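Below: the structure, in C-alpha cells.
What follows draws every value from the coordinates through simple rules; no lab data is involved. Just so you know, these numbers come straight off a predicted model, no measurement behind them. For neighbour counting, all protein chains shown are included, and Cβ atoms are generated from backbone atoms with ideal geometry for every residue, glycine included.
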Amino acid sequence: MPLTFDDLLRRARALPRPGRRALLGIAGSPGAGKSTLAEHLVRELNGTDEPWVAHVPMDGFHLADAELERLGLRDRKGAPETFDAAGYAALLGRLRDDPRGDTVYAPGFERVLEQPLAGAIPVPPPARLIVTEGNYLLLDTGAWARVRPLLDEVWFCELPEHERLRRLVTRHEEFGKAHDEAVAWVERTDQRNAELIAPTRDRADLVVPQSALPRGRFPSPGR
C-alpha cells in the first residue's frame, strides 16, 4: 500500500523511548516540502494536549549576510558552506543528551529580514520528540558529517522535479523576487545545492513521496 501521512504520524509517534528524547530529521532538496511536512507533523502530534513535540529547523544556522560578505559567499547563500554546521550539530547533541532538563533555546530564521535570529525557538524539558529539517542533514562532508549520527531517523522528501522547481520559483516570488530573478536564483543557486543533496537520498531511513506529503501552503524558501 502507498505510504500515507497517517503512516508518518504513527512512525514519528513511536520514536521516543522511556527516559530518552528522540530526534527526527527531515531532509530533501530545496522546495521538496520539508518545512511543511515538519510543521504538519508537529501540529498533528501535539494535538490539544500539552505539547511534547518541538520543531527546530536548520535554517537558524544560516551565517549572517555580513559574514557571507566577508567570506565572499553572499551569492552562494543557502549552500552548505554558508551555514554554521558545527553549531547545528552541537545544538542537536545538547538536545539529545542534556541531562539537566533545562529549556534549550535554538536560533530561528527571520524571513522578512532573511537573517538568523538567536534564541528564537524555546525547546522545553517536556519535549520528547524534536523534529528538525533542512537540506544537508545527510551530507557526509565536513562538520555536516556530525549531524546524521545524532538523529534517530532521517526522512527524505521527494517531489517530481517539475513540481519542485515550480514551487521554488513561486516561493521566491512570494518573498519579493521578480519572476526572472526568481528563475535565475533557482537555476544558479538552488539547483546547484539540489545536485549535492540528491545523492544523499540513499542514506535516509525513509523516502517520503509526494502522495504522503500533507497538502497545504509551502511557506518558506528552501535555501
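Computed from the Cβ-Cβ distance with R0 of 35 Å, the FRET efficiency linking Arg17 to Arg201 stands at 0.85. Taking the longest Cα principal axis of the chain as reference, the axis of helix 34-46 is set at about 20 degrees.
Remark: the chain carries a charge dipole of roughly 460 debye about the Cα centre, counting +1 on each Lys and Arg Cβ and -1 on each Asp and Glu Cβ. Mean projection of the Cα convex hull over all viewing directions, computed for the stretch 43-130: 6.6 nm².
Taking amide H as placed 1.01 Å from N in the peptide plane, the amide H of Val207 sits under 5 Å from that of Phe156, each at least 5 places away or on another chain.
In terms of other Cβ atoms within 10 Å, His40, His179, His62, His162 run from fewest to most in the order His162, His179, His40, His62. Compared with the dominant Cα axis of the chain, that is its longest principal axis, helix 161-174 is turned about 80°. With contacts taken as Cα pairs under 8 Å at a separation of at least 6 residues, the chain carries a relative contact order of 35 percent. Here's the picture: charge each Lys and Arg Cβ at +1 and each Asp and Glu Cβ at -1 in the chain, and of Leu3, His179, Thr36 the one pushed furthest to the positive end of that dipole is Leu3. Remind me, what semi-axes does the stretch 5-211 give for its equivalent ellipsoid, largest first in whole Å, using sqrt of 5 times each Cα gyration tensor eigenvalue? Sorted largest first and rounded, they come to 27, 20, 16 Å. For the stretch 10-121, relative contact order (Cα pairs under 8 Å, six or more residues apart, normalised by length) works out to 24 percent. With a Förster radius of 30 Å, plug the Cβ-Cβ distance of Arg74 and Arg43 into 1/(1 + (r/R0)^6) and report the FRET value to the nearest 0.05. With R0 = 30 Å, the Cβ-Cβ based efficiency is 0.30.
If R0 is 30 Å, the Cβ-Cβ spacing of Arg10 and Glu161 corresponds to a FRET efficiency of close to 0.55. Scaled to the globular estimate 2.2 N^0.38 Å, the Cα spread of the stretch 98-223, given as radius of gyration, is 1.19. For the Cα atoms of the chain, what angle does the longest principal axis make with the long axis of helix 85-97, in degrees from 0 to 90, nearest 10? Its long axis makes an angle of about 10 degrees.
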